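Read the figures in this text as sums done on the coordinates, not as results from a lab. Worth saying up front: this structure is predicted, and the values here are computed from it rather than measured.
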Amino acid sequence: MPRAYTLLERVESAEGPLELRQSGEQNFIITVAGRVLMSSMLHRSEVAVAELGVAPIRTRKDARVLIGGLGLGYTLRAALDALPRTARVVVAELNPAVERWCRGPLSVLTQGAVDDRRVEVVLGDVTERIAEAASGRPYDAIVVDLYVGPENLARGRADPLYGSAILAQTFAALTPGGAYAVWSEEPNARFEERLRKAGFRVELVRPRGGPRHAVYVASKPEEKKRGAKSKVPSRAR
């Protein structure tokens, strides 16, 4: 870590000390246990996952969007910029310090995105919000931009973030035609297979510029209209 970075705040987390550091007026990094999680110098993937995730539903007047992970606020800012003023965005964030930082020193990066009247920040795991929506009011889009993307776990281990169970809930937590966008450090064939088995139509996008990360955009098919009949070829006479 460059010595030019000044420590603004350190809080304890389950994975070690979580720190916000600054170098210059608008250069920030967030680290955990000394490892850089995110940087204001590299945020194209955060913007891409938000733009791709809300693109299919951006014309819905009262769109409801769930974002997993607040980070530096770039994902939220990009979603807000792409959505109408009537939209509502819920952000699930595990650490209250991150929300405080986004309302404080980090607000300069996103023009105060967290304070937008369309936004509600809920402290807790995004999977809990997905489970609630699956049995209640669904979202039009769900965007997951965590610093840990889909991984190939050892055989027999369940993946609480990207496994089959949560993907089934995510499918149920979306409105017909809704979208589920996920940032991934690299393409993951097993994750893509699980998405398809859950019922999603899947597209893999590799954003240009910066690190060659991957964004999975999984869409929930539109419901067929009641009474609609499939076309059957007539018999030749």
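Whose amide H sits under 5 Å from the amide H of L37, counting only residues 5 or more places off or on another chain, with H placed in the peptide plane?
I30, T31, V32
If each DSSP helix of 4+ residues adds -39,500 (n - 2.57) and the sum is divided by the residues in the chain, what number results at 222 nm, nearest 500 deg cm²/dmol?
Using -39500 (n - 2.57) per qualifying helix, the result is -7000 deg cm²/dmol.
Taking only Cα atoms, what is the 0 to 90° angle, nearest 10, from helix 44-54's long axis to the longest principal axis of the chain?
Rounded to the nearest ten degrees, it is 30.
Counting DSSP beta bridges with both partners in the chain, what percentage is antiparallel, nearest 5?
Counting DSSP beta bridges with both partners in the chain, the antiparallel share is about 60 percent.
Quick one: which residues, 5 or more positions from T175 or on another chain, have an amide H under 5 Å from its amide H? H modelled 1.01 Å from N in the peptide plane, none for Pro or chain starts.
It is Y139, D140, by chain and number.
Which far-off residues, 5 or more places away or on another chain, put their amide H under 5 Å from the one on V121, with H placed in the peptide plane?
V91
Cα extents of region 1-150 along the three principal axes, largest first, in whole Å?
That works out to 47, 29, 27 Å along the principal axes.
By how many nm would the segment from V11 to D125 grow when fully extended, if each residue of separation counts as 0.36 nm and the alpha-carbon distance is taken off?
Contour length minus Cα-Cα distance gives 39.2 nm.
Using the Cα atoms of region 65-106 to build a convex hull, what is its mean projected area in square nanometres?
So the Cα hull casts an average projection of 2.9 nm².
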